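One structure is given below, encoded as structure tokens.
No lab work stands behind these numbers, since they all come straight from the coordinates. Please read these numbers as outputs of a predicted model, since none were measured by experiment. Glycine also receives a Cβ, built like all others from the backbone with ideal geometry; neighbour counts cover every protein chain displayed.
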Ligand code: TXA
Ligand code: MG
């Protein structure tokens with residue numbers, strides 16, 4: 001008889017659970033944890049072996065650099081060369097769903113696997129109280145990509161993580177559903193402020209804060225491989241901007257309409273973002289081609305449409 005691989009332990013987000021999660025990280029283990037965007041798959045960012053096991057667990061192409069999570073922006077000074085623009089964005093939006101890419105500081109101590117050998121690193125200060133509790137209990141930088149197998153839909157609940165990676169990680173902190181539900185917006189500050197990935201913080205808010213438009217990285221040889229076209233992919237095919245589903249398709253709706261699952265009955269983009277990956281997980285389980293209703297290209301709609309386009313890309 002074949003034995004199924006052992007499943008991860010599920011930790012409660014109380015002081016004992018957080019202390020155990022922090023101890024596991026210190027020992028080089030992988031711990032999945034909630035953030036307000038999506039669940040992250042965390043490892044000690046200074047421990048090359050631990051970081052390598054993230055890539056192994058996700059089956060991720062090794063050129064993908066990871067985001068380093070910190071409890072506050074003051075902690076960032078140990079790793080990067082801070083700037084006035086970084087300070088301005090940090091004051092306005094951190095903690096929150098924004099990652100900043102900044103030049104590495106000499107002696108930063110991060111594993112070069114985290115940065116995939118780049119001279120820059122992406123930093124993020126999550127606001128989720130469980131993430132905050134873990135980062136403070138651990139007291140060091142935590143490298144964490146989204147806690148899904150590479151190329152699959154990002155996890156926004158503990159169940160998603162368990163289903164995707166449960167037998168490849170040591171522990172999972174269960175913090176319920178993620179509030180935002182889309183990965184962080186990534187802004188490059190190594191030069192002119194550049195949008196590297198649309199995400200949970202609307203671009204308009206960042207541009208208002210900076211008083212200038214962000215450069216768009218489209219077409220540049222940006223090493224943000226989350227920008228690989230086929231990403232976030234469910235198993236079934238996806239057809240976008242569909243107003244009525246064809247025979248055999250299931251419709252993912254937006255706004256008042258007749259459909260299998262609705263991102264937001266009231267056409268609320270915040271609600272749609274929070275539900276997007278969960279809806280895709282649920283549709284994926286139906287194993288039928290998916291048709292998706294149009295989602296407006298404003299505010300969080302940019303990031304939602306970006307994720308949908310990637311999910312629909314040929315692979
Ligand atoms: O919301 C999030 O950002 C989640 C949670 C867990 O924090 N994390 C996340 O990580 O989405 P991940 O690894 O799935 O996406 C990281 C993105 C990738 O597209 C990567 O290429 C980009 O960040 N990135 C990381 N370091 C970079 C760098 N130095 N320069 C440019 N892009 C970078
Ligand atoms: Mg990801």
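In the condition set (1) more than 24 Å from residue 74 (Cα to Cα); (2) within 16 Å of ligand 2 (Cβ to nearest atom); (3) buried (at least 21 other Cβ atoms within 10 Å of the Cβ); (4) touching a residue at least 40 places away in the same chain (Cβ under 8 Å), residue 149 is compliant with all but (3). Here residue 177 fulfils each of the conditions (1) touching a residue at least 40 places away in the same chain (Cβ under 8 Å); (2) surrounded by 22 or more Cβ atoms within 10 Å (Cβ to Cβ) apart from (2). Of all residues in the range 104-153, those that are more than 9 Å from ligand 1 (Cβ to nearest atom), over 19 Å from the mean Cα position of the chain (by Cα) and part of a loop (DSSP other than H, G, I, E, B) total 10. For the range 266-289, the condition holds for no residue, the condition being that it is surrounded by 21 or more Cβ atoms within 10 Å (Cβ to Cβ) and outside any helix (DSSP H, G or I). Taken together, the residues in the range 52-76 that are within 16 Å of ligand 2 (Cβ to nearest atom), touching a strand residue (DSSP E or B) at 6+ places or on another chain (Cβ under 7 Å) and outside any helix (DSSP H, G or I) amount to 5. Counting only residues that are closer than 10 Å to residue 147 by Cβ and either part of a loop (DSSP other than H, G, I, E, B) or more than 9 Å from the chain's Cα centre (by Cα) (or both), the range 36-51 holds 4 of them.
Answer yes if at least one residue in the range 28-43 is without any contact (Cβ under 8 Å) to a residue 12 or more places away in the chain and either surrounded by fewer than 23 Cβ atoms within 10 Å (Cβ to Cβ) or in contact with a helix residue (DSSP H, G or I) (Cβ under 7 Å, 6 or more places away or on another chain) (or both), and no otherwise. Checked against the condition, which is being without any contact (Cβ under 8 Å) to a residue 12 or more places away in the chain and either surrounded by fewer than 23 Cβ atoms within 10 Å (Cβ to Cβ) or in contact with a helix residue (DSSP H, G or I) (Cβ under 7 Å, 6 or more places away or on another chain) (or both), the range 28-43 yields no hits at all. Before we move on, is residue 94 crowded, with 19+ Cβ neighbours inside 10 Å and more than 15 Å from ligand 1 (Cβ to nearest atom)? For residue 94, the condition - crowded, with 19+ Cβ neighbours inside 10 Å and more than 15 Å from ligand 1 (Cβ to nearest atom) - is not met.
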